[in-house]
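**Student:** Let me begin by handing over the structure; questions about it come next.
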Amino acid sequence: MTAATLDIHMTDDDLTRALRVDARRGLSASPKWLPPKWFYDARGSALFEQITELPEYYPTRTERALLQRVVGDIARVAQAEVLVELGAGSAVKTRLLLTALSAHAPLRAYVPQDVSSSALRAAADAVAAEFPGLAVHGVVSDFTDTLETLPHDGRRMIAFLGSTLGNLIPEERAGFLARIHHVLAPGEFLLLGVGLIIEPTILVPAYDDAAGITAEFNRNVLHVLNSRLRADFVPEKFRHVAVWDSANGWIEMRLEATEDMTVTVADLDLTVGFGRGEQIRTEVSAKFRVAGLDAELAHAGFATRRVWTDSDDRFALILAERR
Ligand SMILES: C[S@@+](CC[C@H](N)C(=O)[O-])C[C@H]1O[C@@H](n2cnc3c(N)ncnc32)[C@H](O)[C@@H]1O
């Protein structure tokens, strides 16, 4: 068996430097906000895996069932020799794609990418063990800036599953799709797995589960600030909030201060005041209409080749070809 290799384009120091910039900007803003990538240290990645198993969290099981149904079609159309996966996480669902792609095309390599090196290392090693003969080459980087470092030695399909696309606000999403277009060659494919706009009564509990795992995941960003930047947040003093914003078509996760407090971020020499009830926006999770995303893809230079949805129209897989 060949072991997985890992390219580190974002070292621990790079992460700390980037967090310093984001924390200073976001905690000094009004309203306060932080980018969602900071949930994902080793603890945050493990909490996300727990979320995917929750009864309320329909996206993962819906996407998995959909993939199970259509991976053969995806593989036939894409004929990929290299599967690149952005924000791969544990890559559990990816096994379905890898099996189908191996059966339909000369799949040579799997390139999982993630900002969470612990999750990536575990996923890459597990896939390498399960798929002997497949070159597994992990890339630790930030998909919002360094797509140029992805390998291009064979016909590629870039998969972006788990509705992670929805964590980008529309301007970021447009830039992201344009950069994917830039790194792909004509005839290569992008596979998107996205949540669709559905009833808020189903959407909201998926981000506010009864067991409180999502709340703990949300508060993990405060633990990350404490450990990386020597902040003194007391995470228990922040309440998890998930709201459906129908105007923007996204779920917003926030952390709400339960009392007046002052927090110090020692490494930034920054003091941050919170009034009781004040919130930090920690994530948006946009939901889509297929027609809208199709138009965004066309604008970025992609032609949608196939769209599959589950029987309840909760989730879509979109296979788009780079023109
Ligand atoms: C919602 S989870 C989805 C995980 C997996 N793809 C799935 O479908 O279950 C988002 C994943 O993207 C990673 N991630 C978030 N922001 C990132 C960024 N800016 N660059 C690279 N990876 C990122 C996280 O570490 C996490 O593994």
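**Student:** Counting only residues that are within 12 Å of the ligand (Cβ to nearest atom) and free of Cβ contacts under 8 Å to residues at least 60 places away in the same chain, which one in segment 115-139 is farthest from D153 (Cα to Cα)?
**Tutor:** Selected residue: A122.
**Student:** When both residues are 6+ apart or on different chains and their Cβ atoms are under 7 Å apart, which pairs have a first residue that lies in segment 93-105 and is of a type in the set (D, E), and a second that is part of a helix (DSSP H, G or I) and within 12 Å of the ligand (Cβ to nearest atom)?
**Tutor:** Close Cβ pairs (under 7 Å, with a partner that is part of a helix (DSSP H, G or I) and within 12 Å of the ligand (Cβ to nearest atom)) do not exist here.
**Student:** Examine segment 125-132 for a residue that is out of contact with any Phe, Trp or Tyr (no Cβ under 6 Å at 6 or more places or on another chain) and not in a helix (DSSP H, G or I), and state whether such a residue exists.
**Tutor:** Among the residues of segment 125-132, at least one is out of contact with any Phe, Trp or Tyr (no Cβ under 6 Å at 6 or more places or on another chain) and not in a helix (DSSP H, G or I), which makes the answer yes.
**Student:** Tell me whether segment 67-75 contains one or more residues that are of a type outside the set (V, I, T) and within 16 Å of the ligand (Cβ to nearest atom). Give the derivation first.
**Tutor:** Here is the first cut: in segment 67-75, the ones of a type outside the set (V, I, T) are 67-69, 72-73, 75.
If we keep only those that are within 16 Å of the ligand (Cβ to nearest atom) as well, we get 67-68.
Yes, there is a match, as at least one residue in segment 67-75 is of a type outside the set (V, I, T) and within 16 Å of the ligand (Cβ to nearest atom).
**Student:** Would it be correct to say that L101 is assigned to a helix (DSSP H, G or I), under 20 Å from H152 (Cα atoms), within 16 Å of the ligand (Cβ to nearest atom) and not small (G, A, S)? Before the answer, list the steps.
**Tutor:** Numbers: assigned to a helix (DSSP H, G or I): yes; under 20 Å from H152 (Cα atoms): yes; within 16 Å of the ligand (Cβ to nearest atom): no; not small (G, A, S): yes.
When the stated conditions are applied, L101 does not pass them.
**Student:** A further question follows. Restricting attention to segment 283-312, report how many residues are in contact with a strand residue (DSSP E or B) (Cβ under 6 Å, 6 or more places away or on another chain) and not aliphatic (A, V, I, L, M).
**Tutor:** Restricting attention to segment 283-312, the residues satisfying the condition of being in contact with a strand residue (DSSP E or B) (Cβ under 6 Å, 6 or more places away or on another chain) are 283-288, 290, 294, 297, 302-309.
Then keep just the ones that are not aliphatic (A, V, I, L, M); that gives 283, 285, 287-288, 294, 302, 304-306, 308-309.
Of the residues in that region, 11 qualify.
**Student:** Which residue pairs have Cβ atoms closer than 6 Å, lie 6 or more positions apart in sequence or on different chains, and pair a first residue in segment 300-315 that is acidic (D, E) with a second residue that is surrounded by 14 or more Cβ atoms within 10 Å (Cβ to Cβ)?
**Tutor:** D310/T62; D310/L66; D313/L196
**Student:** Could you go through segment 28-41 and let me know if any residue there is part of a strand (DSSP E or B) and either modelled with pLDDT of 95 or more or within 15 Å of the ligand (Cβ to nearest atom) (or both).
**Tutor:** Yes, segment 28-41 has at least one match.
**Student:** Another one. Taking helices (runs of 4 or more DSSP H) that do not extend beyond segment 145-231, which have at least 3 residues that are crowded, with 19+ Cβ neighbours inside 10 Å? Please lay out each step first, then the result.
**Tutor:** Values: elements: 170-183, 200-206, 213-229.
Result: 170-183, 213-229.
**Student:** Now a separate question. Residues to consider are S118, S90; find the one that is more than 27 Å from I198 (Cβ to Cβ) and not in a strand (DSSP E or B).
**Tutor:** Details: S90 fails: more than 27 Å from I198 (Cβ to Cβ).
One residue alone meets the criteria, S118.
**Student:** Now a separate question. Quickly run through segment 13-45 and pick out the residues that are free of Cβ contacts under 8 Å to residues at least 12 places away in the same chain and of a type outside the set (S, T, Y).
**Tutor:** Initial filter on segment 13-45 (free of Cβ contacts under 8 Å to residues at least 12 places away in the same chain): 13-14, 17, 21, 25, 29-30.
Answer for segment 13-45, where residues must be free of Cβ contacts under 8 Å to residues at least 12 places away in the same chain and of a type outside the set (S, T, Y): D13, D14, R17, V21, R25, A29.
**Student:** Please determine whether any residue of segment 66-75 is of a type in the set (D, E, K, R) and in a strand (DSSP E or B). Write out each step before concluding.
**Tutor:** Start the filter on segment 66-75 by keeping residues that are of a type in the set (D, E, K, R), which leaves 69, 73.
Keeping just the survivors that are in a strand (DSSP E or B) gives none.
The answer is no; no qualifying residue exists.
**Student:** Which pairs do you get when a residue that is touching a residue at least 40 places away in the same chain (Cβ under 8 Å) and surrounded by fewer than 20 Cβ atoms within 10 Å (Cβ to Cβ), found in segment 241-255, comes within reach of a residue that is in a strand (DSSP E or B) and of a type in the set (A, V, I, L, M), reach meaning Cβ atoms under 9 angstrom, with the pair 6+ apart or on two chains?
**Tutor:** Going by the 9 Å Cβ cut-off, the qualifying pairs are W244/I251; G249/A286.
The values are calculated or read from the model by the stated rules, or taken from the named source; none is laboratory data. All of these numbers come straight from a predicted model, not from anything done at the bench. For neighbour counting, all protein chains shown are included, and Cβ atoms are generated from backbone atoms with ideal geometry for every residue, glycine included.
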